[in-house]
Every structure is written in structure tokens, then in C-alpha cells.
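The values are calculated or read from the model by the stated rules, or taken from the named source; none is laboratory data. Keep in mind that this is a model prediction, so the values were computed, not measured. Cβ atoms come from the backbone with ideal geometry, glycine included; neighbour counts cover every protein chain shown.
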Amino acid sequence: MSGLHKAFFGLLSLAGRRAHGLLLRCYFDIWHLVPDPWNHATSTYERQKYTTTLACVPKGSYLRILDVGCSEGTFTLLASATHPGAETVGVDISRRAIRRAARRARDSGAQVGFVRKDVLNEFFEDHFDLVFCGEVLYYFGRTGRQRDAVVRLVSLVEPGGLLVLTHAADQAQRLHPDFDDHPMLKKVDEVRAEGYTVSVYRHADPDGSRDKRN
């Protein structure tokens, strides 16, 4: 993300929580006037990043998967295909993106749910044993709003479950340490590929154990 973009999203995050969410929704709805604005479905780089991210997930049986900031669902559908026994849900703040994602799922016959939701400001009833968050955190802007994002993402992961973060290398270096330092998370893997970093964290069990599956 360029310095100009960082300044722009930092400025947006000076608004109150609800206003900030509304501004982000408008921004991403505008971006999605054009289908697949970041070329997620066609970019070789994106496909390699998705493959690496999925390969970082420890082998096991996952029941409920959440993809935060799913855009039009390219990665969400791949995650579902990789873990066909799981209930997979993609969430994004853009209504246009969610509509296209749901249409793609219907056309492909994939059993994937897509929900328009502001992850910072709207309540989730469910917890998930595998949560993905890719190329999203820097959009929240200033430090205080980033801390809100850490709290919310960790709250979505059930005890013993996994949180997988994927961001551009420079942004991962800035953003992932907030998760490294979280008392309920333990980093179980990190892959530094060309241009991006994947970090995998396990959520602590209530009895203090941090490893439910292995």
C-alpha cells in the first residue's frame, strides 16, 4: 500500500466507528462497480498466494470456515473446495461484492454462504475453527482501529481454532506483530514468500492449552 493510500485510510479512520464503517462500505462499493477490481480470479500472483495460504493450514477436520474481506469470493470458493466437509462463509463490507460472490457460488454449485457485514461494527453469532483474513487489515487505518480489528478477529476464532493472516510483506511486518503479542494466540507457522507473508495462529483453549488439534 502506498503512502498516499495509507494516509487516505488513516484519515477515514478518524471518523467515529459507525461513520468509518459507512465510508469503507461506500469506498468498496465504488471499487466493485467494475467486476473483480483486483484481478483476484485471473492473476497468477494471487493464485500462488492463495495456494500458499491454504497450504499453511495444518491438516485436520475443520467444521466452520470464515473468510474475512472475501470480495467476490475467489479465495472463499478455493477454501471451500480444499475443505469440502466444512461450512464455509465469506463476509465483506461491499454489497456489490457479496452479490457477485453469491452468484459465482450458485453458478459453480458450491455450498458457500456470503454475507454483507461490517466486521468491526456488526455482531457475529457464530465462532469458527478456521478464520482467514487476507489483505484487509491496512484498510482499517490508524492504530486504535487496528487494535479494534485484532480484538474482533480473535473473538471470531473458537478456542483451539486457527487464524490465518496474509498480507503484503511490508504490511505484514507492521500489522502481524499485534497478533504475535496477543495473550490468547500462539503463532504456529509463518511463511515469507515473494511479496507477501502468511502467519498462522492458534487460539488458546479455555483450560490454557493452546493446541487443540495436534
Options Tyr45, Tyr62; residue that is aromatic (Phe, Trp, Tyr), at pLDDT 95 or above and within 29 Å of Ala7 (Cβ to Cβ)
Tyr45
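Of Ala97, Ala105, Ala81, which residue is modelled with pLDDT of 95 or more and touching a strand residue (DSSP E or B) at 6+ places or on another chain (Cβ under 6 Å)?
On the way: Ala97 fails: touching a strand residue (DSSP E or B) at 6+ places or on another chain (Cβ under 6 Å); Ala81 fails: touching a strand residue (DSSP E or B) at 6+ places or on another chain (Cβ under 6 Å).
Every option except Ala105 fails the conditions.
Pick from region 26-46 the residues that are under 16 Å from the mean Cα position of the chain (by Cα) and part of a helix (DSSP H, G or I): which of them is nearest to Leu120 (Cα to Cα)? Before you say what the answer is, go through the steps one by one.
If we filter region 26-46 for residues that are under 16 Å from the mean Cα position of the chain (by Cα), which is where we start, we get 28, 38, 40, 46.
With part of a helix (DSSP H, G or I) added as a condition, the list becomes 28, 46.
Numbers: Phe28: 15, Glu46: 25 Å.
Step by step, filter region 26-46, then rank; the result is Phe28.
Quick one: which residue in Asp170, Asp148, Asp181 is under 14 Å from Tyr201 (Cα atoms), at pLDDT below 95 and among the charged types (D, E, K, R)? Give the derivation first.
Details: Asp170 fails: under 14 Å from Tyr201 (Cα atoms); Asp148 fails: under 14 Å from Tyr201 (Cα atoms).
The match here is Asp181.
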Going through region 148-177 one residue at a time, which ones are over 15 Å from the mean Cα position of the chain (by Cα) and not hydrophobic (A, V, I, L, M, F, W, C)?
Glu158, Pro159, Gly160, Asp170, Gln173, Arg174, Pro177
Which pairs turn up if I take residues in region 148-175 that are within 16 Å of Lys186 (Cα to Cα) and without any contact (Cβ under 8 Å) to a residue 40 or more places away in the chain and look for partners that are of a type outside the set (S, T, N, Q) and outside any helix (DSSP H, G or I) with beta carbon separation below 7 Å, at least 6 apart in sequence or on another chain?
Val150/His182; Leu165/Cys133; Leu165/His176; Leu175/His167
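Considering only region 98-123, state which residues are in a loop (DSSP other than H, G, I, E, B), farther than 28 Å from Ser61 by Cβ and over 15 Å from the mean Cα position of the chain (by Cα).
First, the residues of region 98-123 that are in a loop (DSSP other than H, G, I, E, B): 109-111, 117-123.
Narrowing the set further to residues that are farther than 28 Å from Ser61 by Cβ leaves 118, 120-122.
Of everything in region 98-123, those that are in a loop (DSSP other than H, G, I, E, B), farther than 28 Å from Ser61 by Cβ and over 15 Å from the mean Cα position of the chain (by Cα) turn out to be Asn121, Glu122.
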Pick from Phe140, Phe128, Phe124: which is more than 19 Å from Asp36 (Cβ to Cβ), of a type in the set (Phe, Trp, Tyr) and surrounded by fewer than 19 Cβ atoms within 10 Å (Cβ to Cβ)?
Phe124
In the set Val164, Val151, which member is at negative phi, exposed (fewer than 15 other Cβ atoms within 10 Å of the Cβ) and not small (Gly, Ala, Ser)?
Val151
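Quick check on my filter: what residues within region 56-97 are assigned to a loop (DSSP other than H, G, I, E, B), among the β-branched types (Val, Ile, Thr) and farther than 18 Å from Pro35 by Cβ?
Filtering region 56-97 for residues assigned to a loop (DSSP other than H, G, I, E, B) gives 56-63, 69-73, 83-86, 93-94.
Still in the list and also among the β-branched types (Val, Ile, Thr): 57, 93.
Across region 56-97, the qualifying residue is only Val57.
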Any pair with Cβ under 7 angstrom, 6 or more apart, that starts in region 52-80 at a residue that is among the polar types (S, T, N, Q) and ends at one that is in a loop (DSSP other than H, G, I, E, B) and buried (at least 19 other Cβ atoms within 10 Å of the Cβ)
Ser71/His40; Thr74/His40; Thr76/Cys70
Before we move on, is Tyr45 touching a His at 6+ places or on another chain (Cβ under 7 Å) and touching a residue at least 60 places away in the same chain (Cβ under 8 Å)?
no
So in region 184-205, with the set limited to residues that are assigned to a strand (DSSP E or B) and small (Gly, Ala, Ser), which one is modelled with the highest pLDDT?
Ser199
Identify the single condition in (1) at pLDDT 95 or above; (2) surrounded by fewer than 21 Cβ atoms within 10 Å (Cβ to Cβ) that Val157 does not satisfy, given that it satisfies every other one.
(2)
